[in-house]
Amino acid sequence: MKLDALERYLNSFGKQVVNQAKGNLASADKSGALEKSIGFFVTAQKGLITIKFKMESYGKFVDKGVSGTEKERSYTDYKGKTLKSPFKYTTKQPPSSIIEKWIKRKGLKGRDKKGRFITHKSLSFLIARSIKKKGIQGISFFQKPLMLGMQQFRGKFLEGIKEDIIDGLKQQKIIS
């Protein structure tokens, strides 16, 4: 039995979730490589249709946050529940080299207590240490669109299955 209506539904659902997730990143000023990497694909094998979403591996940390050594972080899941982040800094801190590149790109300059400029390397270490302590708050850029999409498409999903079943039965009558 061919599942055309269900496949159309999943493609529509996937496009909506991806577009909203990208929009959430842009509005949170976190666009870039992560935003470009978000996508989905629908696969059909042996009568089973599935949808899978993809993004850069660090997207899960941006979405769900990372708890620090001194502060616990949370996120809102696709069911609307606030949960604590499953990720936590323990012994390691974010790599200073990545933060240093970000500092240079933004044109930031750090100062010490006497008002003198400090090096980019020193500033990046201080920021990395702060991130380790305070963590990173999750922005649920993906969880929220997934929840909204599931709420909006719930009825359409059942309609799609119904339509596919009826089409399958009609084809059975034509063949017999």
Handout entry: Cα gyration tensor category, rounded, prolate or oblate, for the chain with a/c compared to 1.5
Key = prolate
Fill in the blank from the handout: Scoring the chain by relative contact order with C-alpha pairs under 8 Å, at least six apart, yields a percentage of 29
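On a full-extension model of 0.36 nm per residue, what is the gain between Q152 and R129, subtracting their alpha-carbon distance, rounded to one decimal in nm? Write down the numbers at each step before the final one.
On the way: separation 23, 0.36 × 23 = 8.28 nm, distance 4.20 nm.
My answer for the length gained is 4.1 nm.
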Practice task
Find how much the distance from E72 to V42 grows on full extension, using 0.36 nm per residue of separation minus their present alpha carbon separation; answer in nm with one decimal.
Solution key: 7.2 nm
Practice task
With a Förster radius of 35 Å, plug the Cβ-Cβ distance of K101 and D4 into 1/(1 + (r/R0)^6) and report the FRET value to the nearest 0.05.
Solution key: 0.15
Problem - Where labels lie 7 Å past Cα in the beta-carbon direction, separation of S31 and D112 in nm - result: 4.0
Practice task
Could you tell me what percent of the DSSP beta bridges with both partners in the chain are antiparallel, to the nearest 5?
Solution key: 90
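What's the ranking of 63-74, 138-149 by average number of surrounding C-beta atoms within 10 Å, highest first?
With the highest mean Cβ count within 10 Å placed first, the list reads 138-149, 63-74.
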Fill in the blank from the handout: Taking a ≥ b ≥ c as the square roots of the Cα gyration tensor eigenvalues, with a/c under 1.5 meaning rounded and otherwise prolate when a/b beats b/c or oblate if not, the range 90-134 comes out oblate
Completion exercise
Subtracting the Cα-Cα distance of K81 and Y58 from 0.36 nm times their residue separation yields 6.1 nm
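Each reported figure results from applying straightforward, stated rules to the coordinates on display, with no laboratory input. In this text, all values refer to a predicted model and were calculated from it rather than measured experimentally. In this analysis, Cβ positions are derived from the backbone assuming ideal geometry, glycine residues included, and neighbour counts consider all displayed protein chains.
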